[in-house]
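I have placed the structure first, in the form of structure tokens, so that the comments after it can refer back to it.
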Amino acid sequence: MGQILAIDYGKARCGIAATDDMQIIASGLDTIQTPVLIDFLKKYFIENKVDEVVVGLPIDLKGNVSEVETDILKFIGEFQKEFPGITVHRFDERFTSKMASFFISQSGKSKKKRQEKGLIDKVSATIILQNFLEQRTR
């Protein structure tokens, strides 16, 4: 069994989280600049067995998809050409940034660290992945 990777996709940078090989625990992995995301994934997939990828689905409270969805769909198309054997799932990412900010604020990190957008993206990816895992086990 391999890992499941989650991507909190953004125009500038993407938060990345991964499970352990038993697909039980989600952990924040890194924050990657979006233009080099595919290159990062190529290297990561060489070093780690990844079975599936979960990409956040940016939906607002009214159920509308955010404008970044166009970029996400383009990325998914690229991803599927580059890695045809890896299944891509979409998962609702509503409130993940707010939850990430809250969890970071509760962690005792300094104010400067709490406001670091890269950290928020990485924690958001972790929340997306953990929620995906929980839904899957229900």
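Every read-out reported here was derived from the displayed coordinates using simple, explicitly stated rules and does not represent laboratory data. Everything numeric in this text was worked out from a predicted model, so none of it was measured. Every residue, glycine as well, gets a Cβ built from its backbone with ideal geometry; the counts of neighbours run over all protein chains shown.
Within the straight-line cut-off of under 18 Å between alpha carbons, the aspartates and glutamates reachable from residue 62 are 92, 93, sequence neighbours fewer than 8 places apart in one chain being disregarded.
Listed by Cβ neighbour count within 10 Å, with the fewest neighbours leading, 90, 13 appear as 90, 13. Distance between the modelled labels on residue 81 and residue 69, one decimal in nanometres: 2.3 nm (7 Å Cα→Cβ projection).
Would you tally the net charge around residue 48, using a Cβ to Cβ cut-off of less than 11 Å, leaving residue 48 out, and scoring K and R as +1, D and E as -1?
Summing Lys and Arg as +1 and Asp and Glu as -1 gives -2.
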